[in-house]
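What follows is a single structure, written as structure tokens, with notes after it.
The values are calculated or read from the model by the stated rules, or taken from the named source; none is laboratory data. Quick caveat: nothing in here was measured; it's all calculated off a predicted structure. Note: areas computed on protein heavy atoms with side chains; ligands, DNA, RNA excluded. Shrake-Rupley method; radii C 1.70, N 1.55, O 1.52, S 1.80 Å.
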Amino acid sequence: MSEAVVIEAINVTPSVLWVFVAFIAFWMLRRAIQTKLGQVKNVKASGVEFSFAEHLLDEAASKVDTGQAPSAADRRSVISRLEHAVDSLAGGRILWVDDNPDWNRPLIDLFRQAKMTVDIEQSTASAMTLARSRPYDLVITDMRRDNEHPADRAGITLVHELRGYGVQAPVVIFATAFDPRLGVDPAIFAYTNTADELVHLVIDIMERVKFGAVF
């Protein structure tokens, strides 16, 4: 073997050794690295942190009378949509009307993490005061409110008053049950009783708003 070849081999050896050492280190630490990468799956987009999205969805589901938590696939679907729709959600304005707002707190927190404004009112009258003074992209309402009469159609009452005043924001009914015999208005965009589906509906509406769709 020539002297030049020996010298070249000596020069190359440290680089090869470093590659070998790095490979061994990665192999030995691969489980710890995978764990850390799993933690980093907390969705971050445009400065928005959705690390607690799964927890909030489960907590929200537990507060709804159906008590049915979203499946793992449902949660992944919602979080993926949140990641990709964050620009559409940011700056959006929700008027949420429910006489038991604490039940909705996890979802309210989730939308606020997405940089949305969520104003909360507990009656049609107080909601209309806000609706007359500021614009909203959508309204979320329950159906029954015991602080109104008739209690079982408070959501429909709100829809009619919004339209009577000329508020054109789409309305989502978020309630454990919805009886269409109480009245169905074209302003009702959708009805749901599950937390993950409500998130999808809000994203649907905000994407249309951002693209200039008219309701």
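What to note about this one:
- The fraction of accessible area contributed by carbon and sulfur in the range 110-214 is 51 percent, rounded to a whole number (1.4 Å probe; ligands and nucleic acids excluded).
- For Ser123, the accessible surface of its heavy atoms amounts to roughly 30 Å² (probe 1.4 Å, protein chains only, rounded to the nearest 10).
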